[in-house]
1. At 0.36 nm per residue, and after removing the present C-alpha to C-alpha distance, how many nm does the segment from Arg195 to His138 gain when stretched out fully?
2. How much length, in nm to one decimal, is gained on full extension between Asp89 and Ala102, taken as 0.36 nm per residue of separation minus their Cα-Cα distance?
3. Taking other Cβ within 10 Å of each residue's Cβ, how do Glu67, Glu202 sort, fewest first?
4. Residues with amide H under 5 Å of Val49's amide H, sequence separation 5 or more or different chain, H placed in the peptide plane at 1.01 Å from N; which?
5. What distance in nm separates the simple spin-label points at Glu202 and Ser120, each placed 7 Å from Cα in the Cβ direction?
6. Answer with one residue from Leu93, Ala137, Leu172: the one whose Cα lies farthest towards the positive end of the charge dipole of the stretch 88-176, charges on Cβ with Lys, Arg +1 and Asp, Glu -1.
7. Determine, for the stretch 80-213, the count of lysine pairs separated by eight or more sequence positions (or lying on different chains) whose alpha-carbon distance falls under 15 Å.
8. Taking the highest mean first, how do the peptides 136-149, 185-198, 53-66 order by number of other beta carbon atoms within 10 angstrom per residue?
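No value in this document is a laboratory result; all are computed from the given coordinates. None of these values were measured; they are calculated from a predicted model. Glycine gets a Cβ as well: all are built from the backbone with ideal geometry, and neighbour counts include every protein chain shown.
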Amino acid sequence: MIDAFSARADADEPVTRATTSTPPATTAVVHGERVPARGEESAMARALVVYESMFGNTRTVAEAVAEGLTGFGDVEVVEVSHAPDTLPDDVELLVVGAPTHAFGLSRPSTRTSAAEQTASPLVSPGRGVREWLDVLAHNVNGTVAVAFDTRVKVGILPGSAAKLIAKRLRKLGFPPATPPKTFWVTGTTGPLRERQRDEAVEWARGITVGSRW
Ligand SMILES: Cc1cc2nc3c(=O)[nH]c(=O)nc-3n(C[C@H](O)[C@H](O)[C@H](O)COP(=O)(O)O)c2cc1C
């Protein structure tokens, strides 16, 4: 257990480990808790994946993104309620993902609406990415960021949570490592469209940050 993430970890948050067909040099995927990586070194690069999710689809993408990043080094996945308001100094890459609600980021009212559409508890019953970004400290460590969202592919429905996240991250001083990305769901509660999980892994593998990537 370490630092800012473990300080907010709840016992009911599952710890999952990313798996790849070719075992990476290092693997560490968690929800609020860090799993030590194989062959871990002290100067390892570090990435943080923060997600919001109602029905689990965006969480699935976040975990796929972490899987795609495992060659990088130390990767942590945190549900937004448990995300630190000030990033640890050594986070080089921040990835933020959320479902698109009402053409943008969720609000308390849209999360209430989501809760009415499922008999299961929401994955993110607390604050959303919008509220987290309201309190996230300005970037002073040179951390770069990328954003993704999930959306329903219906005609030309406009609006993307990822674009709004990217805009707000830029205002907070996080330069973009790559343009915002959408992953598609089949309907409001999901599941993800075919191959979207694989696409998320591939997308993450293509993210490069400085000389380490
Ligand atoms: C209240 C509400 C509003 C939504 N508005 C939009 C929208 O404007 N555009 C869109 O593409 N999808 C919209 N959706 C569908 C969500 O994007 C979809 O539920 C989400 O991608 C599922 O991811 P999750 O399981 O991580 O919550 C909406 C869903 C809810 C519950």
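1. 17.0 nm
2. On the way: separation 13, 0.36 × 13 = 4.68 nm, distance 3.42 nm.
Additional length available on full extension: 1.3 nm.
3. By the 10 Å Cβ count, ascending: Glu202, Glu67.
4. So Val49 has HN proximity to Glu76, Val77, Val78, Val95.
5. With each label placed 7 Å out from Cα toward Cβ, I get 2.6 nm.
6. Leu172
7. Lysine pairs satisfying the spacing and distance rule in the stretch 80-213 number 4.
8. 53-66, 136-149, 185-198
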